[in-house]
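The values are calculated or read from the model by the stated rules, or taken from the named source; none is laboratory data. Everything quoted here is computed from the prediction, not taken from an experiment. Positions of Cβ are backbone-derived with ideal geometry, glycine not excepted, and every protein chain shown enters the neighbour counts. To get the accessible areas, we keep the full protein, side chains included, count just its heavy atoms, and leave off ligands, DNA and RNA. Shrake-Rupley method; radii C 1.70, N 1.55, O 1.52, S 1.80 Å.
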Amino acid sequence: MLLVIFSSLYIFGWLFPEPWWSLHFIAFISPLAKAIILFCCGLFLYRFFIPSRRTILDSKIWDYKITWASGLALTYMILMLVFPMIYDFYGDSYRVAPHLNKIPPSIPDGANEAFFDFSLGAWAGQATVFSLVTYVAVFFKLSYKWAFIVFDAFFGGAFVFLWVSFVLKTLKNNVWKIVMVLAGITAPFMLNFFGHTEIYAMLLFMQLWWFTLAFKYLSTEKTSLLIWLFVLLLVCLKVHAINLLLVPGYVILLWKHLKGSSPSWKSAANYILAPIFVIGAILYFFYFEDHIDDRSLRTEAFEYDHLFLPLFSPKPPLDTYDLLSVNHILDYLNAILMWSPIALLVILLISIIKPKKLNWNATAVVFTGTSLILFSSLLFMINPLLSMPIDWDLFSIPSIALLFFSIALVSETEMDLAPKGVINVASVLAMLSIPIVLVHNDQNSLNDRMDTIAVHFYKTYYEGSAKFYDDVLKADPNYEQSRKFRGEEVIRAIAPHSTKLIDYEFGRFLFMQGRYHLRTRKEPKIALDYFERSSKYYELYDVKLLTLEAYFVDRAYDKAYEVSKELITFSYPSEQKAYRASLHCALEAGFYAEAEKIATFYVRNWPEDITVREVYTRLKSKDRVDEIKTLFQRSN
């Protein structure tokens with residue numbers, strides 16, 4: 001049954017790639033890659049139905065923990081160095097994108113301060129990690145792009161080594177060893193280690209290390225390990241403030257250490273989870289007041305503004321995404337499937353079979369389960385400011401708690417429960433994760449995915465979708481062809497979902513396409529068509545400004561002058577620039593009386609402009625009036 005469920009999800013992702021953005025990667029890879037992956041999946045499914053002697057699974061080769069861990073870690077590091085993302089559109093990577101090709105000659109100002117500073121601010125962890133990447137770039141004389149690739153590969157290799165050695169040491173059943181190793185090293189969140197220009201490679205490794213040390217404490221109960229856990233917790237907090245949610249897990253370990261027994265689920269719910277949820281509700285409703293947030297970032301926002309999704313829908317066009325909307329729930333389901341499909345399979349399998357010897361109140365189960373509930377609950381509330389498909393890296397943080405919760409359940413049941421075929425199903429899910437890396441290492445595949453994401457972004461989270469897609473197209477080496485054909489295709493895809501008069505994002509999609517035709521292709525008439533369509537959806541000042549420019553290029557100076565009067569009304573892009581542009585248009589159109597009025601007002605307010613002063617003087621004296629526009633053109 002679980003095989004059918006998980007297979008169906010991936011089929012949905014293939015057939016309906018827009019809503020199922022965490023499972024759709026196979027839709028974008030080459031036909032040959034599809035055929036190879038599906039063939040391998042078929043082989044594993046064939047073995048699922050055919051009995052085997054399982055001689056390999058019974059072999060002692062799985063006892064060589066360090067050999068397996070080292071070999072897989074080295075293999076992954078090579079893969080991470082050879083197949084990094086060709087371009088990174090996710091999370092806050094846009095902050096470092098302008099600097100990626102730079103090689104810093106020395107440690108820049110502020111890097112050391114950021115590294116040694118300790119703060120729980122929203123950007124403090126990012127500053128810490130970026131300082132470390134800077135050190136890598138300076139020491140090895142690398143560009144920032146390659147410094148991130150090396151940085152990610154280092155932590156990726158360390159992640160694989162630590163996870164594999166931990167699993168092989170903790171579990172006894174070879175079937176579960178292989179399944180749980182695959183659950184970690186083939187999980188979709190591993191994309192964070194493939195050249196992602198963000199903080200999550202280090203964050204995920206630090207969490208993994210912390211949970212591994214916690215499990216070691218549970219098996220040895222050494223007091224010194226509690227001290228090291230606290231120190232490591234501080235390091236985790238320096239990387240990201242969200243690691244405050246590790247504190248309740250640490251409290252459970254202290255509880256066990258001091259009382260000799262860990263809290264049951266009932267105790268954990270009453271004394272840990274309930275108080276945290278009450279405090280969270282108070283902050284949500286009364287401190288942040290995000291339950292009625294308008295969700296708009298079009299005005300200035302501070303560090304923790306719009307932190308959580310609103311409970312009630314904002315006004316259109318932002319009414320498509322709130323805490324209980326179908327769009328958000330489906331997005332969050334996609335995010336969960338990016339954590340570890342194999343770990344989810346294991347948890348569902350054990351929960352359905354319900355082995356009699358499973359102790360749900362075991363310390364490891366309560367400890368990891370509490371952490372998983374806290375991380376997943378908080379992130380369900382978080383506002384994905386860049387849309388969840390773009391902010392997927394932030395929403396992958398619960399992955400580590402999920403892995404350790406699944407391994408806690410397995411360690412309780414592994415000697416009594418090893419269902420036939422679980423390793424085959426896990427192998428299929430592992431194979432279906434390979435396209436994630438392939439898509440991000442191929443320009444055409446990545447283009448197709450980003451087009452799909454842009455449509456989903458617009459239809460769901462909405463705000464920022466046009467700017468995101470503009471950045472996507474600009475990153476394509478074949479920009480002109482992409483803007484012309486891909487841009488128009490995306491506009492056609494989202495047009496049925498647009499709303500006139502209020503739809504500023506669709507208006508901006510049209511505006512950006514028109515700007516391309518005006519400034520790159522020098523096609524003012526086509527550009528004017530886009531600008532006219534854009535104005536029907538929302539009055540954007542930029543559209544008016546470029547409409548003026550298009551009329552000017554098309555030598556329709558009288559129409560340009562009419563638009564310039566509207567810009568004066570808006571004082572856009574500034575009052576002075578609006579009047580200067582209007583003066584130029586009036587001169588080109590031959591409207592000298594109007595030009596004189598504008599020039600009179602202009603020199604009275606901005607007398608320092610020598611060119612306009614001369615224009616004004618010649619207009620007043622009627623001195624070679626027909627040549628004045630030439631003078632104005634030279635000044636521009």
Mind pulling the angle between the C-alpha long axis of helix 31-49 and the longest principal axis of the chain? Nearest 10 degrees, somewhere in 0 to 90.
20
Whole-Hz couplings from phi, Karplus 6.51/-1.76/1.60, listed for segment 140-154; x for Gly and Pro:
9, 6, 10, 5, 4, 4, 6, 5, 5, 4, 5, 4, 5, 5, 4
How high is the relative contact order of segment 436-528, in percent, counting Cα pairs under 8 Å that sit 6 or more residues apart?
23
Taking H placed 1.01 Å from N in the peptide plane, check which residues at least 5 places from residue 308 or on another chain put their amide H under 5 Å from its amide H.
383
Gain in length, residue 593 to residue 623, computed as 0.36 nm per residue apart minus the alpha-carbon separation, to one decimal in nm?
9.4 nm
Unit charges on C-beta of K, R, D, E only; dipole of the chain, Debye
1700
Straight distance only, please: which aspartates and glutamates reach the Cα of residue 620 with their own Cα at less than 14 Å, same-chain residues fewer than 8 apart left out?
594, 596
Cross-link reach from residue 259 to lysines, straight Cα distance under 21 Å and at least 8 residues apart if same chain, gives 216, 222
Which net charge results when you count Lys and Arg as +1 and Asp and Glu as -1 among the other residues whose beta-carbon is under 9 Å from that of residue 603?
+1
Normalised contact order of the chain, rounded percent, pairs of Cα under 8 Å and 6 or more residues apart
14
Of 140, 367, 161, which has the most accessible area with a 1.4 Å probe, and how do the rest follow in descending order?
140, 161, 367
Where only protein heavy atoms count, and the probe is 1.4 Å, what is the accessible area per residue for segment 393-462 in Å²?
23
Can you list the aspartates and glutamates whose alpha carbon is less than 19 Å from that of residue 356, not counting same-chain residues fewer than 8 positions off?
412, 414, 416
Stokes-Einstein D (µm²/s) once Rh is taken as the Kirkwood radius of segment 400-462 over alpha-carbon pairs, at 37 °C in 0.692 mPa s:
217
Taking a threshold of 26 Å on the Cα-Cα distance, which of the pairs 315/536; 315/467; 500/577; 145/484; 559/597 fall above it?
500/577; 145/484
Distance between the C-alpha centers of segment 275-295 and segment 133-187? Whole Å please.
36
Where segment 127-237 is the region considered: accessible area per residue in Å², 1.4 Å probe
32
Correct option for volume of the Cα convex hull per residue in Å³ [calculated from the coordinates] among [x] 306; [y] 179; [z] 381:
[y]
In Å², nearest 10: area of residue 617 left accessible to a 1.4 Å probe:
80
Given the protein chains as shown and a 1.4 Å probe, how many square angstrom of residue 620 are accessible, to the nearest 10?
110
Could you order the peptides 240-249, 202-211 from most to least packed, using the average number of other C-beta atoms within 10 Å per residue?
202-211, 240-249
Output the 0 to 90 degree angle, nearest 10, between the alpha-carbon long axis of helix 223-239 and the longest principal axis computed from the alpha carbons of the chain.
20
Show that you can apply the helix-only estimate: for the chain, add -39,500 (n - 2.57) for every DSSP H stretch of four or more residues, divide by all residues, and state [θ] at 222 nm to the nearest 500.
-20000 deg cm²/dmol
Within 10 Å of each candidate Cβ there may be at most 16 other Cβ atoms; applying that plus a DSSP loop requirement, which GluC sites (Glu not before Pro) in segment 534-636 survive?
539, 608
Projecting each Cα onto the charge dipole of the chain (Lys/Arg +1, Asp/Glu -1 at the beta carbon, about the Cα centre), which of 587, 97, 465 comes out farthest on the positive side?
97
Please state, as a whole number in µm²/s, the translational diffusion coefficient that the Stokes-Einstein equation yields for segment 516-613 at 20 °C and 1.002 mPa s, with Rh defined as the Kirkwood radius across alpha carbon pairs.
156
Tilt of helix 610-621 relative to the longest C-alpha principal axis of the chain, in degrees (0 to 90, nearest 10)?
30
Gain in length, residue 241 to residue 289, computed as 0.36 nm per residue apart minus the alpha-carbon separation, to one decimal in nm?
15.2 nm
Table column - 3J(HN,Hα) (Hz), segment 510-516, Karplus curve with 6.51, -1.76, 1.60, x for Gly and Pro:
5, 4, 5, 5, x, 4, 4
Sort 41-47, 514-520, 154-160 by packing, meaning the average of other beta carbons within 10 Å per residue, with the highest value first.
154-160, 514-520, 41-47
With +1 on the Cβ of every Lys and Arg and -1 on the Cβ of every Asp and Glu, and nothing else charged, how large is the dipole of segment 198-293 about its Cα centre, in debye rounded to the nearest 20?
620
Dipole of segment 492-636, Cα-centred, from +1 at each Lys and Arg C-beta and -1 at each Asp and Glu C-beta, to the nearest 20 debye?
220
